[in-house]
Every structure is written in C-alpha cells, then in structure tokens.
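Comments concern the structure below.
What follows draws every value from the coordinates through simple rules; no lab data is involved. Since the structure is predicted, the reported quantities are computational estimates derived from the model, not experimental observations. For neighbour counting, all protein chains shown are included, and Cβ atoms are generated from backbone atoms with ideal geometry for every residue, glycine included.
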Amino acid sequence: MKIKQVFAFFILSALIGASLVNTSQAKEMRCGWVENDMPSQMTLKDKDGVWTLADASGVVRGFTKMPSFPKGDTCACITMDANVDQLVVGIIYQGKIIPIKRCQQDKSINW
C-alpha cells in the first residue's frame, strides 16, 4: 500500500510541476520594424515591444531561416515561438520582408 501512495505522490508532483512551467510561448507571425545593427544587434519592434533576434551573445535558434535583411530599418513579418509576457523569441520558423509602407502606416508600432 505504501508504494502506491509514494507513486501517487510522484505523479501528483509531476502534474503540479508541469502546470507551473511557463507555457505562454506560442508559434505566431509577428510584423513590425526589423532594426538591423549587425554585428551588434538585430531586433523586431512590434505592437507588444522589442524582440531580440540577435545580439553580441548570439542569434535565436532558426535565425538562418530569415531572409538577409539590409542594414538599418526594414518592415518584415517573422513567424516564431513568442513569449509575449517576457518578449522572448524561442525559435524562428521563417521571415519575409514586406512593403515599408505597411509599417509606416501602423500606428501601433510607431511609438
């Protein structure tokens, strides 16, 4: 009987632990200004804030799946795993450059 109680305790602990893991990261397309200051930094600025894609410490996993962005500011959409609460990019799936007019007209990213 004691073994069943210990086993049940471990199962319950594992379930509680799994529920505490931050699961707010989701695959989504995010569009905004890509600011390319490489080799020092590359970011995406969208309606929720500034996302670091690359900096002096390295690049986000999947970084090579994006197109080659010119130096300076470009308008783009990037499909990535995004943790909106912490503005953290988990992995990049793809990216595409879009007309700059779209970013210029989007008041939510021009702050």
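Data table
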read-out	value
Environment charge at Tyr93 (Cβ cut-off 14 Å; Lys +1, Arg +1, Asp -1, Glu -1)	+3
Total formal charge among the other residues, if their Cβ is under 14 angstrom from that of Gly32, Lys/Arg +1 and Asp/Glu -1	+1
Hull-based mean projected area of segment 24-109, where the convex hull spans the alpha carbons, in square nanometres	5.0 nm²
Check: segment 24-109 dipole with +1 on Lys, Arg Cβ and -1 on Asp, Glu Cβ, in debye	320 debye
For Thr43, net neighbour charge (Lys/Arg +1, Asp/Glu -1) across residues whose Cβ lies under 12 Å away	-3
